[in-house]
There are 2 protein chains.
Amino acid sequence: MTRFIVSIVAVLISPFVFAADPEPLPSWNDTGPKQAIVQFVGKVTTEGSPDFVPVAERIAVFDNDGTLWSEQPLYFQALFAFDRVKQLAAQHPKWKTTEPFASVLRGDMKGALAGGEHALLEMVMATHTGMTTEEFDKIVKEWITTARHPTTGRLYTDMVYQPMLELLAYLRANGFKTYIVSGGGVEFMRPWVERVYGVPPEQVVGSSIKTRYELREGRPVLARLPELNFIDDKEGKPVGIQQHIGRRPIMAFGNSDGDFQMLEWTMAGTGPRFALIVHHTDAVREYAYDRESHVGKLARGLEEGPKRGWTIVSMKDDWKRVYSGTK
Amino acid sequence: MTRFIVSIVAVLISPFVFAADPEPLPSWNDTGPKQAIVQFVGKVTTEGSPDFVPVAERIAVFDNDGTLWSEQPLYFQALFAFDRVKQLAAQHPKWKTTEPFASVLRGDMKGALAGGEHALLEMVMATHTGMTTEEFDKIVKEWITTARHPTTGRLYTDMVYQPMLELLAYLRANGFKTYIVSGGGVEFMRPWVERVYGVPPEQVVGSSIKTRYELREGRPVLARLPELNFIDDKEGKPVGIQQHIGRRPIMAFGNSDGDFQMLEWTMAGTGPRFALIVHHTDAVREYAYDRESHVGKLARGLEEGPKRGWTIVSMKDDWKRVYSGTK
């Protein structure tokens with residue numbers, strides 16, 4: 001009976017809800033990408049259309065770094081790791097003379113990165129593990145609400161893209177479940193993405209370390225161990241999507257070649273499919289980079305994306321506004 | 001604007017939807033467990049109550065084997081593995097003389113299990129891997145809709161518990177997200193749990209093997225590899241819950257000591273909490289087993305559960321009916 005009433009009410013309100021928005025995506029210019037998004041959403045949500053997709057299958061996946069918020073001069077999680085190194089330095093006197101920690105403590109970002117991914121991973125392991133999941137949640141929440149970006153001086157959550165916030169909300173209003181699928185740490189994102197993006201923790205897929213269930217003074221905790229569990233990047237993104245979601249998305253949004261396989265996997269399913277790449281072309285309002293960039297390199301996606309029918313957003317041309325809370 | 005309308009409509013309909021059911025849980029006797037469930041759901045869904053829990057945090061986790069469907073004489077996934085061994089035997093002539101395969105092919109279940117968990121894992125690896133995720137999905141769907149239980153002769157999906165189906169639906173009607181958290185393989189459950197339990201694939205947490213993203217004839221696939229990824233049992237259940245859901249459930253349902261840590265983890269959070277163990281006491285309508293059972297052993301839960309405030313269901317005394325679709 002209850003289920004019946006819910007169904008009736010859903011049927012009664014659905015045309016109202018799904019058609020009520022007078023102008024979706026107000027921060028998008030009325031150019032190709034916005035038109036393509038609105039057209040796609042229209043056809044998959046129109047009952048009776050040959051392209052209609054039931055609500056349960058409306059899964060949309062979004063990369064985070066460079067797709068939902070900025071990623072320059074370095075992934076924000078790396079900047080968080082640097083801040084953690086500085087915080088923890090007093091407890092680790094040897095860091096003053098050990099790379100990459102010594103460079104971070106001197107404020108030498110280039111030196112800190114000289115060791116490449118290995119050095120970064122070493123810093124992540126040293127600063128993201130050893131505590132419980134609840135303690136780490138508190139550490140991230142404290143940082144995300146107080147730390148400032150080194151060049152803009154803004155809170156990091158003020159460097160999220162207003163057009164993408166509107167896109168997330170627009171898709172959810174049209175029955176989509178929106179997921180984040182990021183190379184970043186899943187527990188680095190979960191503490192704040194619900195507040196900032198409207199994406200609940202259970203809809204975040206990311207890289208992870210291993211945890212262990214322990215009793216501490218009789219109380220169960222999950223201890224964060226300095227051991228990699230999963231890297232959710234490149235070929236890992238479809239693997240993470242299948243592990244976590246268990247069905248193929250119908251829309252995928254990325255910005256770098258680290259997202260290539262996620263978009264490829266999404267587009268290889270049957271029925272209507274949509275893939276979009278955010279191209280960072282706006283050196284004035286944000287950053288301009290692609291093929292030669294160390295962070296967020298985009299070469300293959302620019303080369304092959306258009307041939308594969310993927311939509312390319314030029315931030316400079318297609319977005320009226322970049323960051324939330326600013327012009 | 002759309003979000004505003006959705007909120008208004010939700011507020012208008014919520015008392016109607018959540019209060020409309022005249023008699024929840026009709027297959028439960030009006031004994032302690034049903035009363036405890038209804039009382040708990042009432043208090044966490046009553047706005048203004050000190051125990052009110054927002055919809056986003058209403059997470060309920062269910063073990064599968066022995067909690068939502070039967071698990072005797074052996075986990076049904078093991079019976080699936082045996083059926084797969086028989087199907088694949090022609091391609092593996094050596095199995096006729098190699099244990100544990102030889103025992104399975106002779107129909108000797110005891111012999112097949114003589115090698116313990118290691119032998120079972122060997123059969124799972126030999127029969128559950130090598131194909132793509134899409135191919136495995138088809139294999140499971142074919143089996144689940146045709147294979148019969150060795151002693152009851154029923155379809156396995158006719159051996160799910162009607163009272164638990166009602167409980168899942170009742171919780172969802174009260175704003176809960178219902179998850180399965182099982183020691184079984186996640187990809188063994190996903191192909192049918194949405195149809196049978198109303199639980200979508202993205203709300204299934206389970207054991208898993210590793211997969212690899214590959215292009216086969218230009219088409220991307222996820223190849224299932226004979227390598228364990230994660231065991232979602234005992235101490236692994238809270239780990240799996242955190243990995244997948246990223247927040248602590250407020251209700252947990254299990255039946256064996258393999259669920260102990262999941263219930264313990266759920267109950268250790270702040271605010272209102274509920275844990276329930278299904279005790280198999282009904283040798284006539286189902287099976288009767290607990291402390292001495294090889295499959296679904298329940299000893300610690302019976303000993304400590306009541307002292308910890310966990311609810312114990314006696315299938316014989318607390319359920320009017322056991323299986324769906326039968327008396």
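The values are calculated or read from the model by the stated rules, or taken from the named source; none is laboratory data. This one's a predicted model, so the numbers in the text were calculated from it and none came from an experiment. Glycine gets a Cβ as well: all are built from the backbone with ideal geometry, and neighbour counts include every protein chain shown. In case anyone asks, the SASA skips ligands and DNA or RNA and just uses the protein heavy atoms, side chains included. Shrake-Rupley method; radii C 1.70, N 1.55, O 1.52, S 1.80 Å.
I'd like the antiparallel share, as a percent to the nearest 5, of DSSP beta bridges with both residues in the range A:217-327.
Details: 2 of 10 bridges.
Close to 20 percent.
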Report Rg/Rh for the range A:187-246, rounded to two decimals, where Rg is the Cα radius of gyration and Rh the Kirkwood radius. 1.04
At what distance in nm do the modelled label points of residue B:151 and residue A:268 sit from each other, each positioned 7 Å from its Cα along Cα→Cβ? 4.4 nm
Relative to the longest principal Cα axis of chain A, at what angle does helix A:76-88 sit, 0 to 90 degrees, rounded to 10? 30 degrees
Which residues qualify? For residue B:313, with a placed amide H closer than 5 Å and at least 5 residues away or on another chain, they are B:277, B:278, B:279
Put a dot 7 Å past each Cα toward the Cβ at residue B:117 and residue A:56; how far apart are the dots in nm? 3.3 nm
So how far apart, in nm, are the two label points at residue B:320 and residue A:214 if each is 7 Å from Cα heading toward Cβ? 5.0 nm
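How much net charge surrounds residue B:224 when only other residues with a Cβ under 12 Å from its Cβ are counted (Lys, Arg +1; Asp, Glu -1)?
My count for the surroundings of residue B:224 gives -4.
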Where the label is 7 Å out from Cα toward Cβ, how close does residue B:308 come to the same position in every other copy, in nm, shortest first? 4.7
What number, in percent, do you get for the relative contact order of the range A:123-221 if the mean sequence gap of Cα pairs under 8 Å and at least 6 apart is divided by its residue count? 23 percent
With θ set to phi - 60°, apply the Karplus curve 6.51 cos²θ - 1.76 cosθ + 1.60 along the range A:293-298 and write out the HN-Hα couplings as whole Hz, x wherever there is a Gly or Pro. 6, 6, 9, x, 4, 10
Going Cα to Cα from residue A:307, which lysines come in below 21 Å? Please leave out same-chain ones fewer than 8 positions away. A:34, A:234, A:297
Amide H contacts of residue A:71 (H built 1.01 Å from N, under 5 Å, at least 5 apart or other chain): A:66
Can you tell me the mean projection area, over all orientations, of the convex hull of the range A:193-327's alpha carbons? Units nm², please. 11.3 nm²
Interface A:B - total buried accessible surface [probe 1.4 Å, Å², rounded to 100]: 4000 Å²
Can you check what the net charge comes to around residue B:105, using other residues whose Cβ is under 13 Å from the Cβ of residue B:105 (Lys, Arg +1; Asp, Glu -1)? +2
For residue B:46, put the label point 7 Å out on the Cα→Cβ axis and report which residues of the range B:295-323 keep their amide N under 19 Å from it. none
Could you please state how large a percent of the accessible area of the protein assembly as shown is carbon and sulfur, counting protein chains only and using a 1.4 Å probe? 55 percent
Determine the relative contact order of the range A:74-154: mean sequence separation of Cα pairs under 8 Å and six or more apart, normalised by residue count, in whole percent. 25 percent
Select from A:174, A:255, A:229 the residue whose mean-square fluctuation is largest in a Gaussian network model of chain A (Cα-Cα springs shorter than 10 Å). A:229
List the residue from chain B whose beta-carbon is nearest to the axis that rotates chain B onto chain A, together with that distance in whole Å. B:244, 3
Roughly how much of residue B:141 is accessible, in Å² to the nearest 10, using a 1.4 Å probe? 90 Å²
Per residue, the convex hull enclosing the alpha carbons of the range A:222-267 has a volume in Å³ of 94 Å³
For the protein assembly as shown, give the share of DSSP beta bridges that are antiparallel, in percent and rounded to the nearest 5; count only bridges with both residues there. 45 percent
Could you derive backbone 3J(HN,Hα) for the range A:230-247 from the dihedral phi with the Karplus parameters 6.51, -1.76 and 1.60 (θ = phi - 60°), listing whole Hz in sequence and x where the residue is Gly or Pro? 7, 9, 8, 9, 6, 4, x, 5, x, 4, x, 4, 5, 4, 8, 9, x, 8
Can you put A:145, B:31 in order of accessible area, largest first, using a 1.4 Å probe? A:145, B:31
Relative contact order for chain A, counting Cα pairs under 8 Å that sit 6 or more residues apart, in percent: 21 percent
Fraction of beta bridges assigned by DSSP in chain B that are antiparallel (%, nearest 5): 40 percent
Using each residue's phi in the range A:120-128, evaluate 6.51 cos²θ - 1.76 cosθ + 1.60 at θ = phi - 60° and report the 3J(HN,Hα) Karplus result to the nearest Hz, with x for Gly and Pro. 5, 4, 4, 5, 4, 4, 6, 10, 10
Around residue B:287, under 15 Å between beta carbons, what's the net of Lys plus Arg minus Asp minus Glu among the other residues? -1
Can you give the convex hull volume of the alpha carbon atoms of the range B:33-116 per residue, in Å³? 144 Å³
Between residue A:28 and residues 5 or more places away or on another chain, the pairs with built amide H atoms under 5 Å apart involve A:320
Calculated P(r) of the range A:61-174 - Cα pairs past 16 Å, %: 65 percent
What 222 nm value per residue comes from the helices of chain A, counting each DSSP H run with n ≥ 4 as -39,500 (n - 2.57) and dividing by all residues, nearest 500 deg cm²/dmol? -11500 deg cm²/dmol
Quote the Stokes-Einstein diffusion coefficient, in whole µm² s⁻¹, for the protein assembly as shown, based on the Kirkwood radius over alpha carbon pairs, a temperature of 4 °C and a viscosity of 1.567 mPa s. 49 µm²/s
Share (percent) of C-alpha pair distances in the range A:104-253 greater than 21 Å works out to 55 percent
When the Cα centres of the range B:34-82 and the range B:127-149 are compared, how far apart do they sit, in Å? 26 Å
Kirkwood hydrodynamic radius (Cα pairs, Å) of chain B? 21.1 Å
Inter-part distance where the range B:277-318 and the range A:156-230 are each reduced to a Cα centre, Å: 36 Å
